[in-house]
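First the structure, in the form of structure tokens, and then the observations on it.
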């Protein structure tokens, strides 16, 4: 009876270890995917009556694309972040070279400093968006600018 139990025990032990390894791997993978780093995130904030218009930002992106002959610039639109339409635009710069990204970032800084009509816009560099920390109703969506 002892000889019969030993092989069964070894098989059960191997299966248990394999399952634990899979669970640990899946858990770590989920944590890695939950947080994504972006070189630039523009946060549109409200100060009573909604967020500022993004028209100057869109005009800048359109002019930049035309000047550097870039087909599209994509961003991650995350929102609504609050009750008055607050949202974030996260840029990954996958379409841009390093030099273009630096020029684009400088332009974004100038534009966001001027967005003050109904709220404010803040540019944050090298930040991670942790999806589990976002409000429940905030939905990340890719947008082409």
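The values are calculated or read from the model by the stated rules, or taken from the named source; none is laboratory data. All figures in this text were calculated on a predicted structure; none of them were measured in a lab. Note: ideal-geometry Cβ built from the backbone for every residue, glycine included; neighbour counts use all protein chains shown.
Summary of computed values
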read-out	value
Selection within the range 75-85 - surrounded by fewer than 20 Cβ atoms within 10 Å (Cβ to Cβ) and either modelled with pLDDT of 95 or more or over 19 Å from the mean Cα position of the chain (by Cα) (or both)	76, 77, 83, 84
Test: residue in the range 67-80 that is out of contact with any strand residue (DSSP E or B) (no Cβ under 6 Å at 6 or more places or on another chain) and part of a helix (DSSP H, G or I)	yes
Some residue of the range 53-71 being more than 26 Å from the chain's Cα centre (by Cα) and modelled with pLDDT of 65 or more	yes
Residues of the range 105-145 classified as farther than 15 Å from residue 77 by Cβ, outside any helix (DSSP H, G or I) and touching a strand residue (DSSP E or B) at 6+ places or on another chain (Cβ under 8 Å), total	12
Index of the failed condition, residue 93 passing every other in (1) on the phi < 0 side of the Ramachandran plot; (2) touching a strand residue (DSSP E or B) at 6+ places or on another chain (Cβ under 8 Å)	(1)
Residue within the range 20-34 that is under 24 Å from residue 139 (Cβ atoms), surrounded by 12 or more Cβ atoms within 10 Å (Cβ to Cβ) and either within 18 Å of the chain's Cα centre (by Cα) or at pLDDT below 90 (or both) present	yes
